[in-house]
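Novice: What follows is a single structure, and I will ask about it in a moment.
The values are calculated or read from the model by the stated rules, or taken from the named source; none is laboratory data. Just so you know, these numbers come straight off a predicted model, no measurement behind them. Cβ sites come from the backbone with ideal geometry, for glycine too, and all protein chains shown count toward neighbours. For the accessible areas, the whole protein counts, side chains as well, though only heavy atoms, and no ligand, DNA or RNA atoms are used. Shrake-Rupley method; radii C 1.70, N 1.55, O 1.52, S 1.80 Å.
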Amino acid sequence: MADLRGGDLSRLRQLNSLTAIRALRGAGPLTLSALAERTGLSRPSMKEVTDELMALGWVEEVPPSPGTMGRPARRYRFRADSGHLVGVDIGGHNIRAAVSDLDGRILAETRRPVAPDAPLDERLSAIEQAVSGCLTLSHTAISDVWTISAGTIGVIDVEGHVVYSAAVPAWRDLDLAGKLREMFPCQVLIENDSRLAAMAETRRGVAKGAKDVVFLHVGRRMGAGLIIGGKVHRGFGAAAGEISMLEEARWFDAPEHLQRCASVPPGTPPEDAAGHTLAAARDGDPVAIEAVERYVDDLAVGTAAMVLILDPQMVVLGGGFSRSADVLLDRLRDRLERRCMRLPEVRASALGDECVVAGAIDYAVEHLDEQLFTPDAGPLPVTR
């Protein structure tokens with residue numbers, strides 16, 4: 001486990017505590033005997049560890065099930081409710097927020113509409129309202145939130161600054177991390193929304209367990225998130241996956257085929273136009289079908305480039321247009337098969353519009369693990 005020849009017993013206790021917490025987080029309530037078996041510790045040593053973790057507030061004893069006969073064995077669980085995490089999806093037209101426990105189990109969600117051209121103060125206010133709303137629904141105080149993790153449109157640097165945003169002009173050159181830290185009295189994490197969506201799909205969705213994934217974040221704008229070796233790939237300057245910036249990839253204007261289709265009824269709100277086209281194509285409208293064909297032609301160019309470079313196990317169609325996977329997937333597979341040396345599995349997202357907010361929660365959980373539950377972390381803090 002570690003070189004303890006120098007008699008560093010506190011280090012040994014720390015490693016044993018982390019081992020116990022990992023076992024409890026992965027399996028739920030366990031008896032001392034089951035914990036000892038999973039961790040490789042003796043039962044007396046495991047009892048000392050659980051007692052210490054209970055005193056710190058990380059673990060608690062679970063009451064026996066109703067109707068249990070005789071003297072039941074004591075069971076213990078990780079106290080995921082000892083703190084809370086908030087995930088935020090900052091989109092062009094909507095702000096979504098969700099609150100979870102420390103294991104990432106989502107307790108409540110809210111959504112606030114916002115116009116793409118809304119002033120900066122209005123957009124920041126919508127974020128604050130969305131977060132406040134989900135905290136109210138879950139009966140959680142902001143003082144109980146350990147981390148707020150936000151996914152946003154645009155190119156985000158490693159410091160949480162928005163370097164570029166075509167969809168939201170007020171977002172460009174913004175210190176978003178700094179703005180959110182002024183609003184919320186807790187740790188703030190900022191990441192590109194497509195990368196968070198890709199993370200969620202490999203943690204909770206159709207790509208769960210996959211090591212190499214291209215996530216297509218498709219809707220009124222286009223983006224991509226890359227998973228390489230089971231981890232989100234950000235690149236040296238956190239700009240990986242921004243293939244829509246390459247004009248030759250034909251992604252930047254691709255949604256216009258759906259939004260400007262002649263099948264869209266006059267007066268349809270811009271945010272609903274593509275949905276009308278996709279629905280009409282599903283119903284066999286030849287004009288809509290032609291628009292879909294042109295859209296998938298463009299989508300396939302950038303997707304094929306990433307597939308040829310990365311040779312992923314899976315391509316996931318996600319974002320708002322994933323609701324029309326029945327119209328898009330077969331067409332995309334056909335074009336990729338003609339262009340790629342090996343056709344990866346091509347599937348639709350299981351998370352739909354919730355992919356970014358779920359990924360933001362998963363990102364916060366991952367950060368918590370790195371801070372507290374790794375061998376290099378310091379002593380576990382008291383939670384109560």
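Novice: Going by the structure shown, is residue 165 closer than 16 Å to residue 310 by Cβ and of a type outside the set (A, V, I, L, M)?
Specialist: Values: closer than 16 Å to residue 310 by Cβ: no; of a type outside the set (A, V, I, L, M): yes.
The answer is no for residue 165.
Novice: Still on this structure: Starting from the stretch 365-381, take each residue that is farther than 14 Å from residue 17 by Cβ and of a type in the set (Asp, Glu) and list its partners that are open to solvent by 60 Å² or more (accessible area, probe 1.4 Å) and assigned to a helix (DSSP H, G or I), counting only C-beta distances under 7 angstrom and pairs at least six apart or across chains.
Specialist: Nothing qualifies.
Novice: Out of 3, 81, 8, I need the residue that is open to solvent by 30 Å² or more (accessible area, probe 1.4 Å) and modelled with pLDDT of 90 or more. Which one?
Specialist: Values: 3 fails: modelled with pLDDT of 90 or more; 8 fails: modelled with pLDDT of 90 or more.
The unique qualifying residue is 81.
Novice: Being in contact with a His (Cβ under 9 Å, 6 or more places away or on another chain) and at pLDDT 95 or above is the filter here, so list the residues in the stretch 196-223 that pass it.
Specialist: So the first thing to find is which residues in the stretch 196-223 are in contact with a His (Cβ under 9 Å, 6 or more places away or on another chain), and the list is 197-198, 220, 223.
Of everything in the stretch 196-223, those that are in contact with a His (Cβ under 9 Å, 6 or more places away or on another chain) and at pLDDT 95 or above turn out to be 197, 198.
Novice: Given the criteria open to solvent by less than 20 Å² (accessible area, probe 1.4 Å), of a type in the set (A, V, I, L, M), modelled with pLDDT of 95 or more and over 12 Å from the mean Cα position of the chain (by Cα), does residue 357 qualify?
Specialist: For residue 357, the condition - open to solvent by less than 20 Å² (accessible area, probe 1.4 Å), of a type in the set (A, V, I, L, M), modelled with pLDDT of 95 or more and over 12 Å from the mean Cα position of the chain (by Cα) - is not met.
Novice: Six or more apart or on different chains, Cβ atoms under 8 Å: show the pairs whose first residue is in the stretch 97-119 and of a type outside the set (D, E, K, R) and whose second is assigned to a loop (DSSP other than H, G, I, E, B) and open to solvent by 50 Å² or more (accessible area, probe 1.4 Å).
Specialist: Final answer for the pair search is 113/93; 114/93; 115/93; 116/93.
Novice: Okay, moving on. Go through (1) out of contact with any Lys or Arg (no Cβ under 9 Å at 6 or more places or on another chain); (2) over 18 Å from residue 363 (Cα atoms) one by one and return the number of the condition residue 168 breaks.
Specialist: (1)
Novice: Ok, one more. Got a sec? Which strands (runs of 3 or more DSSP E) wholly within the stretch 187-256 have at least 1 residues that are open to solvent by 50 Å² or more (accessible area, probe 1.4 Å)?
Specialist: Values: elements: 187-192, 213-218, 222-228.
Fully inside the stretch 187-256 and qualifying: 187-192, 222-228.
Novice: Are any residues in the stretch 128-144 surrounded by 19 or more Cβ atoms within 10 Å (Cβ to Cβ) and in a helix (DSSP H, G or I), and if so, which ones?
Specialist: Hits for the stretch 128-144 are 130, 131, 134, 135.
Novice: Restricting the stretch 156-186 to residues that are part of a strand (DSSP E or B) and β-branched (Val, Ile, Thr), which is nearest to the chain's Cα centre (by Cα)? Outline the logic, then answer.
Specialist: Applying the first criterion (part of a strand (DSSP E or B)) to the stretch 156-186 yields 156, 161-164, 174-175.
If we keep only those that are β-branched (Val, Ile, Thr) too, we end up with 156, 162-163.
On the way: 156: 16, 162: 19, 163: 21 Å.
Result: 156.
Novice: Do we have any residue at all in the stretch 270-284 that's open to solvent by 20 Å² or more (accessible area, probe 1.4 Å) and within 22 Å of residue 165 (Cβ to Cβ)?
Specialist: For the stretch 270-284, residues open to solvent by 20 Å² or more (accessible area, probe 1.4 Å) and within 22 Å of residue 165 (Cβ to Cβ): present.
Novice: Could you list all residues from the stretch 145-161 that are over 30 Å from residue 105 (Cβ atoms) and open to solvent by less than 40 Å² (accessible area, probe 1.4 Å)?
Specialist: 155
Novice: What's the number of the only condition in (1) open to solvent by less than 20 Å² (accessible area, probe 1.4 Å); (2) part of a helix (DSSP H, G or I); (3) more than 20 Å from residue 308 (Cα to Cα) that residue 377 fails to meet?
Specialist: Failing condition for residue 377: (2).
Novice: Of all the residues that make up the stretch 315-351, how many are open to solvent by 10 Å² or more (accessible area, probe 1.4 Å), within 22 Å of the chain's Cα centre (by Cα) and over 17 Å from residue 219 (Cβ atoms)?
Specialist: Of the residues in the stretch 315-351, 2 are open to solvent by 10 Å² or more (accessible area, probe 1.4 Å), within 22 Å of the chain's Cα centre (by Cα) and over 17 Å from residue 219 (Cβ atoms).
Novice: If residue 165 meets every condition in (1) at pLDDT 95 or above; (2) open to solvent by less than 10 Å² (accessible area, probe 1.4 Å) apart from one, which number is that one?
Specialist: Exception for residue 165: condition (1).
Novice: Scan the stretch 285-304 residue by residue and report those that are among the β-branched types (Val, Ile, Thr), open to solvent by 30 Å² or more (accessible area, probe 1.4 Å) and more than 13 Å from residue 262 (Cβ to Cβ).
Specialist: Of the residues in the stretch 285-304, the ones among the β-branched types (Val, Ile, Thr) are 287, 289, 292, 296, 301, 303.
Now drop any that are not open to solvent by 30 Å² or more (accessible area, probe 1.4 Å), which leaves 287, 289, 301.
The answer is 301, and nothing else.
Novice: Another one. Condition (residue is open to solvent by less than 40 Å² (accessible area, probe 1.4 Å), in contact with a His (Cβ under 8 Å, 6 or more places away or on another chain) and at pLDDT 90 or above) applied to the stretch 117-127: is it met by at least one residue? First the steps, then the outcome.
Specialist: As a first pass, look at the stretch 117-127 and keep what is open to solvent by less than 40 Å² (accessible area, probe 1.4 Å): 118, 123-124, 126-127.
Within this subset, residues satisfying the condition of being in contact with a His (Cβ under 8 Å, 6 or more places away or on another chain) are none.
No; the residues of the stretch 117-127 include none that is open to solvent by less than 40 Å² (accessible area, probe 1.4 Å), in contact with a His (Cβ under 8 Å, 6 or more places away or on another chain) and at pLDDT 90 or above.
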